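Please read the structure below before turning to the comments.
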Ligand code: FES
């Protein structure tokens with residue numbers, strides 16, 4: 001395997017890659033945020049770079065169509081169309097770099113009764129003695145069921161692995177996090193549980209760290225959705241996942257979310273529950289589900305209702321036994337409600353009590369008329385499902 005070095009000017013990044021790697025992939029690895037409206041198909045012409053030195057393959061048909069004679073003579077190429085054959089230096093013009101998204105995480109706090117899916121209990125056990133041969137798990141289960149009167153059916157394997165040493169190091173008194181009868185985590189007394197609420201958008205990801213004991217928001221932050229390097233809209237990403245691998249897109253979003261978690265929470269192992277809301281395609285890509293069927297009639301999702309999956313199964317850095325709860329994304333589960341143009345959020349805030357406990361789509365009336373003025377229109381939704389996880393989100397969509 002031959003290695004090559006690629007230098008991106010004027011950004012100054014220099015990165016090693018394997019000979020033959022597409023330049024757009026090298027740029028992505030180097031953190032150079034090249035635009036990719038068409039997902040690397042050579043159709044949009046947005047990923048123009050100028051090759052200043054080094055060997056590159058001949059022009060592709062797509063490049064001949066998108067680049068003018070002057071541009072070609074000037075060394076201009078499409079990064080998604082060329083592979084790196086030797087050490088090269090490329091100049092990236094400002095118009096080929098994605099514009100950093102304005103990340104807004106502030107919003108109106110909606111008051112809800114705190115009823116997390118994961119309940120935390122302080123459990124003090126009788127220390128084991130020579131005459132008491134109960135296992136650690138039986139001892140814990142007995143105390144939780146008989147003293148706390150909480151149903152208990154099972155324990156996450158990772159929580160069980162922590163239990164023996166944790167009990168002995170903490171004088172047989174520990175915190176136990178229980179979700180639907182399953183012990184998902186055990187921790188020392190001074191480690192209260194955290195929850196994470198995530199709004200997984202096509203362009204941005206926002207996350208909120210919540211103290212599950214009092215409902216306070218401890219920290220909030222957002223990042224650009226790293227999948228943007230593989231396409232700027234949902235359709236392009238579905239098409240990218242079909243042609244390449246959905247895994248790349250899943251890795252990108254999981255890595256991004258893990259970075260966000262690390263920024264928000266110095267002790268991510270205290271996060272025992274994540275609630276995530278995203279559109280159907282984003283949910284599929286987040287879970288690593290196939291998306292091919294979403295892109296062809298009759299456009300059916302692999303899953304339509306709410307879903308609980310172990311966070312570790314998709315690579316998230318949280319408590320090992322934590323679950324991710326995904327809200328339902330299927331249109332038939334929502335009531336649809338038109339709003340005055342441009343007033344989706346205001347409409348939601350004004351009539352919030354009417355929406356409580358239901359899932360709604362608030363459609364900007366311009367959606368129905370077909371907004372050809374270049375402005376964006378919005379959809380908002382609010383739901384409080386059976387697990388008591390409330391969510392309100394709003395997304396902007398381009399007018400039809
Ligand atoms: S031409 Fe669209 S990403 Fe390269």
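Taken together, the values in this text are just the output of simple stated rules run on the coordinates, not laboratory data. Everything numeric here is computed off the predicted structure, so don't read it as measured data. Cβ placement follows ideal geometry from the backbone for every residue including glycine, while neighbour counts extend to all protein chains displayed.
Points to keep in mind about this one:
- q = 0.21 Å⁻¹: log10 I(q)/I(0) that the Debye formula gives for segment 118-187, counting C-alpha atoms only: -0.83
- The fewest-to-most ranking of 158, 1 by surrounding Cβ atoms within 10 Å reads 1, 158.
- Beyond 21 Å, the tail of the calculated P(r) for segment 193-329 holds 38 percent of the Cα pairs.
- At 1.567 mPa s and 4 °C, Stokes D of segment 49-120 from Kirkwood alpha-carbon radius, µm² per second: 79
- All Cα pairs of segment 145-185, percent lying beyond 15 Å: 43
- Put simply, when 272-280, 45-53, 141-149, 291-299 are sorted by average Cβ atoms within 10 angstrom per residue, most first, you get 272-280, 45-53, 141-149, 291-299.
- Highest mean packing comes first when the peptides 110-119, 31-40 are listed by Cβ atoms within 10 Å, giving 31-40, 110-119.
- By the count of neighbouring beta-carbon atoms within 10 Å, fewest first, 177, 96, 135, 192 end up ordered 135, 192, 96, 177.
- Ordering of 59-67, 20-28 by burial proxy (mean other Cβ atoms within 10 Å per residue, highest first): 20-28, 59-67
- Taking every DSSP bridge with both residues inside segment 174-302, close to 75 percent are antiparallel.
- Its Cα gyration tensor gives segment 3-96 an equivalent ellipsoid. The semi-axes, each the square root of 5 times an eigenvalue, are 18, 14, 13 Å from largest down.
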